[in-house]
Amino acid sequence: MAYFPEVASPIAYEGRGSKNPLAFKHYDASKVVGGKTMREHLRFAVSYWHTFKGTGADPFGVGTTNRPWDVATDPMQRAHDTMDAAFEFFTKLGVDYWCFHDRDIAPEGETFAASCANLDEIVAHAEAKQKETGVKLLWGTACLFTHPRYQAGAATNPDPHVFAYAAAQVKHAIAATHRLGGEGYTFWGGREGYDTIKNTKMQQEREQFARLLHLAVAYAKEIGFTGQFYIEPKPMEPTKHQYDSDTEACLNFLREFGLMDHLKLNLETNHATLAGHTMQHEMRAAREAGILGSIDANAGDELIGWDTDQFPTNVYLTTEIMLELLQAGGFTTGGLNFDAKVRRQSHDQLDLFYAHIGGMDAFARGLEIATAILEDGRLQKLVDDRYAGWTTPFGQSILTGGSSFGELEAYVLANGEPTRASGRQEFIENLINEFVL
Ligand code: XLS
Ligand code: NI
Ligand code: NI
């Protein structure tokens, strides 16, 4: 059975002039931009939880979607139907990757063993679908935040019994990811933080979280899983505070617990803005520390203060993201995962296509614009010129520890007041608009 009968054939690239809402205007998979095809640069993934399991429910209202794959009375039948719908969607959209949580694809059973058996059965189905379609797994993860047992966190729970449960669940989720040839595995600590600091041992909980990650690294080695592990920073929501609140907090955590060699970051746009940063800031901090791994592509709302996970359509934003990504040398194991959901009123099947097509086009344009800005070179030259003093013998001697306070004082006495240089912010913004407009 076809779940998306309105979309008869794979979405095609029709170019700028096209008025067909089911066609790409900018994303041309095989077009070469800066030495690589768009497909190789962008590595798009669809997230299973929003696109196939999202109901449209929000804190004020029930679900609004009516999905034909979610109707069978038996939950395992629904899980199989959903997997069929998902692979029909991936192939019609023309993406190469997908991402999932264990509990998105298979329902929790009566016991832990029953949950694992459910997962194994559905993973076998997914494996067959991947083989049939060539679609690959970007990353897998475990849902450690929905079930009531995790109300006080998973790895960071005050009860070691819950830690053990989380560890057992992560073990199976890594095994499932490995079986599906996943290129990565993500840790997003939804409840790995606190609701109130007044009942919390913060350092104890941070140590517990590090333990879980070390155990995961050891298990990956044991089973030969060579995919990349990622931490996905988020400052809050559902908890008041999450320990992996932003790139710099994660860096401190990874360094403190000896995990720098084992994990990179999966950065999400709406999480960056919740943390009071831009996505470009988060990417810059990760890139310069060598831990920029993957991206959850979405966008927040300027006025709504929660993780609205909207589809990214703002070309200025995608340009900033692609500028950082290109300067990092592009993805290796990571990709652009649309961790985004259609709005509550966009409840029919076609909306899922419109949303993803728009996101893919916005990133394709962002890629072209960012490539042009970098090839032009004027922006980089402005920045390099701004710091040119640090490349002189005088600047270098400061950086390499060759000058004392006394020598610097002598320099100032001899050379007087520094000349101030303009930061040229407006000039730079206009320069970027030369390419965007
Ligand atoms: C929630 C997170 C989540 C992770 C995967 O805010 O973005 O969707 O990406 O657990
Ligand atoms: Ni995410
Ligand atoms: Ni999110």
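For the listed peptides 268-278, 245-255, a ranking on the average number of other beta carbons within 10 Å per residue, highest first, reads 268-278, 245-255. Projecting the Cα positions of GLY406, MET360, GLN228 onto the charge dipole of the chain (unit charges on Cβ atoms of Lys, Arg, Asp and Glu, taken about the Cα centre) puts GLN228 furthest along the positive direction. Of all the options THR111, THR133, THR146, the one that moves most in a Gaussian network model of the chain with Cα springs shorter than 10 angstrom is THR111. For the stretch 297-360, the dipole from Cβ point charges (+1 on Lys and Arg, -1 on Asp and Glu) about the Cα centre works out to 140 debye, to the nearest 20. With the biggest extent put first, the Cα atoms of the chain measure 84, 59, 44 Å across the principal axes. Between ARG378 and SER397, residue separation times 0.36 nm minus the direct Cα-Cα distance comes to 4.0 nm.
Residues whose amide H comes within less than 5 Å of that of TYR230, counting only those at least five positions distant or on another chain, are TYR185, THR186, PHE187, LYS264 (H built at 1.01 Å from N in the peptide plane).
Accessible surface for GLU409 stands near 120 Å², nearest 10, in the context of the full protein assembly shown (1.4 Å probe). Show which lysines lie in cross-link reach of LYS129 when reach means a straight Cα distance below 18 angstrom and same-chain residues fewer than eight apart are skipped. By straight Cα distance, LYS129 reaches LYS92.
When ranked by the protection proxy of mean other Cβ atoms within 10 Å per residue, highest first, what sequence do the peptides 370-382, 334-346, 389-401 form? Provide the component values of the computation, followed by the final result.
Numbers: 370-382: 14.7, 334-346: 21.8, 389-401: 11.2.
With the highest mean Cβ count within 10 Å placed first, the list reads 334-346, 370-382, 389-401.
Against the compact-protein benchmark of 2.2 N^0.38 Å, the Cα-based radius of gyration of the stretch 139-196 scales to 1.15. In order along the stretch 258-267, the phi-based Karplus estimate (6.51 cos²θ - 1.76 cosθ + 1.60, θ = phi - 60°) of 3J(HN,Hα) comes to x, 10, 4, 7, 10, 10, 10, 9, 10, 8 Hz; Gly and Pro are listed as x.
Taking the Kirkwood radius as Rh and the Cα radius of gyration as Rg, the stretch 183-240 has a ratio of Rg/Rh equal to 1.05. For the stretch 165-323, just say rounded, prolate or oblate: build the C-alpha gyration tensor, square-root its eigenvalues into a ≥ b ≥ c, call rounded for a/c under 1.5, and beyond that prolate if a/b exceeds b/c, oblate if not. Since a/c reaches 1.5 but b/c is at least a/b, the shape of the stretch 165-323 is classed as oblate. Taking every pair of Cα atoms in the stretch 1-65, average 1/r, invert it to obtain the Kirkwood radius, and report Rg/Rh to two decimals. Ratio of gyration radius to Kirkwood radius for the stretch 1-65: 1.10.
Based on the alpha-carbon gyration tensor of the stretch 229-323 and its eigenvalue square roots a ≥ b ≥ c, which shape applies: rounded if a/c is under 1.5, prolate if not and a/b is larger than b/c, or oblate? Since a/c reaches 1.5 but b/c is at least a/b, the shape of the stretch 229-323 is classed as oblate.
With the dipole of the stretch 7-142 worked out from charges on the C-beta (+1 for Lys and Arg, -1 for Asp and Glu) around the Cα centre, which of ALA86, VAL32, ALA126 lies farthest toward the positive end? Of ALA86, VAL32, ALA126, it is VAL32.
Beta bridges from DSSP with both residues in the chain: antiparallel share about 20 percent, rounded to the nearest 5. If you plug the beta carbon distance of PHE435 and HIS147 into 1/(1 + (r/R0)^6) with R0 = 60 Å, you get a FRET efficiency near 0.80. Overall, the accessible surface of the stretch 1-147 at a probe of 1.4 angstrom is composed of carbon and sulfur to the extent of 54 percent. Protein heavy-atom accessible surface, 1.4 Å probe, per residue over the chain: 48 Å². 222 nm [θ] for the chain, helices only, -39500 (n - 2.57) per DSSP H run of 4+, per residue, to 500? So the calculated ellipticity at 222 nm is -14500 deg cm²/dmol. About the centre of its Cα atoms, the chain shows a dipole size close to 320 debye [charges on the beta carbon of Lys, Arg (+1) and Asp, Glu (-1) only; nearest 20 debye]. Taking a ≥ b ≥ c as the square roots of the eigenvalues of the alpha-carbon gyration tensor, the stretch 40-87 is classed oblate because a/c is 1.5 or more while a/b is no larger than b/c.
In this view, the solvent-accessible surface of ASP261, computed with a 1.4 Å probe and all protein chains in place, comes to about 140 Å².
The values are calculated or read from the model by the stated rules, or taken from the named source; none is laboratory data. Model, not experiment: these values are computed from the prediction. Glycine gets a Cβ as well: all are built from the backbone with ideal geometry, and neighbour counts include every protein chain shown. Only protein heavy atoms, including side chains, enter the accessible area calculation; ligands, DNA and RNA are left aside. Shrake-Rupley method; radii C 1.70, N 1.55, O 1.52, S 1.80 Å.
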